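To start, the structure itself, in structure tokens.
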Amino acid sequence: MNENRLKFLIVGVGNVFRGDDSVGILIARFLRRYCFADNVKIIGLDLSFDELIEIWGNFEVVILIDAIDLDEKPGTIYRFEPTSEALPAEVRFFSTHTLGLAEYIEIGKAIKALPMKLIIYGIVGENFGIGAPISDEVKSSCRKVIQKIVEELGTR
């Protein structure tokens, strides 16, 4: 591996059994089909952020994909960089855990364990029930987010 290249970690967050909450996991699975250089690691995270917070500081750029619960049209895509700007207060990452993504970012900041650059793609969902299907609007947004991530990787 060329040591001068940035190390990327792409993390799909969600729960495959909860409809639109699966979007991050599904995008990570799709991206694994690409033949990225060895400086790109792709994982799906469906249980806990504890392991993630231990490893994400080992990467220069971390891209997270997660469903968000926001009073906007389902499928709307947001891009945040919480290492350089505060997350908007109205954004709620869907989580079935006690702590969600926003809380783990704050923990990462407090213990100085964030990557150099953290990018979050949040996709507004509407179906989060157990066994619910992923909505058509969120499915449609997957293609756009995949293209944006490929562009992020291509510009490095």
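Couple of notes before you dig in:
- Residue-span extension gain [T76 to D136] - 0.36 nm each, minus C-alpha spacing: 20.4 nm
- Nonlocal amide H pairs with F93, under 5 Å, H built at 1.01 Å: D69, A102
- Taking amide H as placed 1.01 Å from N in the peptide plane, T76 has its amide H under 5 Å from the amide H of V124, each at least 5 places away in sequence or on another chain.
- ³J(HN,Hα), Karplus 6.51/-1.76/1.60, whole Hz, each residue of segment 118-123, x for Gly, Pro: 10, 10, 10, 9, x, 10
- Over the chain, dividing the summed -39,500 (n - 2.57) contributions of all DSSP H runs of at least 4 residues by the number of residues returns a 222 nm mean residue ellipticity of -8500 deg cm²/dmol.
- Mean separation of Cα contacts under 8 Å, 6 or more apart, over the residue count of the chain: relative contact order %: 32 percent
- Taking θ as phi - 60° and the Karplus parameters 6.51, -1.76 and 1.60, the scalar couplings of segment 57-74 work out to x, 7, 10, 6, 10, 10, 10, 9, 10, 8, 7, 10, 10, 8, 6, 9, 4, x Hz in sequence order, x denoting glycine and proline.
- Per residue, the average separation of C-alpha pairs within less than 8 Å and at least 6 apart gives segment 81-144 a relative contact order of 32 percent.
- ³J(HN,Hα) computed for each position of segment 15-23 - Karplus, 6.51 cos²θ - 1.76 cosθ + 1.60, integer Hz, glycine/proline x: 9, 5, 9, 10, x, 5, 5, 7, 4
- C142, C35, reordered so the largest accessible area comes first (probe 1.4 Å): C35, C142
- Amide proton proximity set for L45, modelled H, under 5 Å, gap of 5+: G12, V13, G14
- Given +1 at the Cβ of Lys and Arg, -1 at the Cβ of Asp and Glu and no other charges, the dipole of the chain around its Cα centre is 620 debye to the nearest 20.
- Sparse-neighbourhood loop sites, chymotrypsin sites (Phe, Trp or Tyr not before Pro) in segment 21-89 - DSSP loop, at most 11 other Cβ within 10 angstrom: none
The values are calculated or read from the model by the stated rules, or taken from the named source; none is laboratory data. These figures come from a predicted structure and were not determined experimentally. Backbone-built Cβ (ideal geometry, glycine too); neighbour counts: all protein chains shown. We work out accessible area using only protein heavy atoms, side chains counted, and drop any ligands, DNA or RNA first. Shrake-Rupley method; radii C 1.70, N 1.55, O 1.52, S 1.80 Å.
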